[in-house]
1. Here are some residues: G70, G66, G43. Which one is open to solvent by less than 70 Å² (accessible area, probe 1.4 Å) and either among the acidic types (D, E) or more than 20 Å from F105 (Cβ to Cβ) (or both)?
2. How do the pairs read when you match residues in segment 70-86 that are within 22 Å of S51 (Cβ to Cβ) and without any contact (Cβ under 8 Å) to a residue 60 or more places away in the chain with residues anywhere that are surrounded by fewer than 14 Cβ atoms within 10 Å (Cβ to Cβ) and of a type in the set (D, E), using Cβ under 7 Å and keeping only pairs 6 or more apart or on different chains?
3. Does Q48 count as modelled with pLDDT of 85 or more, under 24 Å from V20 (Cα atoms) and open to solvent by 40 Å² or more (accessible area, probe 1.4 Å)?
4. From the set of residues in segment 73-115 that are aromatic (F, W, Y), in a loop (DSSP other than H, G, I, E, B) and open to solvent by less than 60 Å² (accessible area, probe 1.4 Å), which is modelled with the highest pLDDT?
5. Please enumerate the residues belonging to segment 1-21 that are surrounded by fewer than 17 Cβ atoms within 10 Å (Cβ to Cβ) and in contact with an Asp or Glu (Cβ under 9 Å, 6 or more places away or on another chain).
6. Show me the strands (runs of 3 or more DSSP E) found entirely inside segment 1-71 where at least 2 residues are among the hydroxyl-bearing types (S, T, Y).
Amino acid sequence: RVLLFGNHGAGKSSFVSHCVGRPGLLPTGVAMTTDKVTFVCSGSGDSQLDSKSSESLFPELSDLFGEYPGLANHFQTRVYGSRTQSPFLFIDTPGTVDTQVSYGFDVNGVLSLSLPTPLLPGLIWL
């Protein structure tokens, strides 16, 4: 699992889309376009899962959703169709900003999970 975080507009979503060979898989732009934490993984076909469906794929999310109220409302999984299973699970995050922006959940708390753990062993700062 690889967590990406950095300022808005830094290229986190573009980086993930490029790494999986699917330009435009995730929305991008100069202004803040990502207000969700997004798991990106390969599968048999393209789909977008809400937090409840994501939790069935990744049971460890239930503790995270319990610890950070509002996160479940700002969480999704994007599955991209691939003939081969990728060993990577990318985690795209909302951009960090210098001003007070409310995402509906504790972004800083969630990003503090960036320390290597079984849930998030890899980290890329953009």
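1. Values: G70 fails: either among the acidic types (D, E) or more than 20 Å from F105 (Cβ to Cβ) (or both); G66 fails: either among the acidic types (D, E) or more than 20 Å from F105 (Cβ to Cβ) (or both).
Testing whether each residue is open to solvent by less than 70 Å² (accessible area, probe 1.4 Å) and either among the acidic types (D, E) or more than 20 Å from F105 (Cβ to Cβ) (or both) leaves just G43.
2. Q76/D50; V79/D46; G81/D46
3. Working: modelled with pLDDT of 85 or more: yes; under 24 Å from V20 (Cα atoms): yes; open to solvent by 40 Å² or more (accessible area, probe 1.4 Å): yes.
Answer is yes for this residue.
4. First pass over segment 73-115, keeping only residues aromatic (F, W, Y): 75, 80, 88, 90, 103, 105.
Add one more test, that the residue is in a loop (DSSP other than H, G, I, E, B), and what stays is 88, 103, 105.
Remaining after also requiring open to solvent by less than 60 Å² (accessible area, probe 1.4 Å): 103, 105.
Details: Y103: 74, F105: 77.
For segment 73-115, the residue satisfying everything is F105.
5. Passing the criteria: only N7.
6. Numbers: elements: 2-5, 37-43, 47-49.
In segment 1-71, 37-43 are the strands (runs of 3 or more DSSP E) which contain 2 or more residues that are among the hydroxyl-bearing types (S, T, Y).
The values are calculated or read from the model by the stated rules, or taken from the named source; none is laboratory data. This structure is a prediction, so every number in the text was calculated from the model and none was measured. Cβ coordinates were reconstructed from backbone atoms using ideal geometry, including for glycine residues, and neighbour counts include every protein chain displayed. All accessible areas refer to the heavy atoms of the entire protein, side chains included, with ligands and DNA or RNA removed. Shrake-Rupley method; radii C 1.70, N 1.55, O 1.52, S 1.80 Å.
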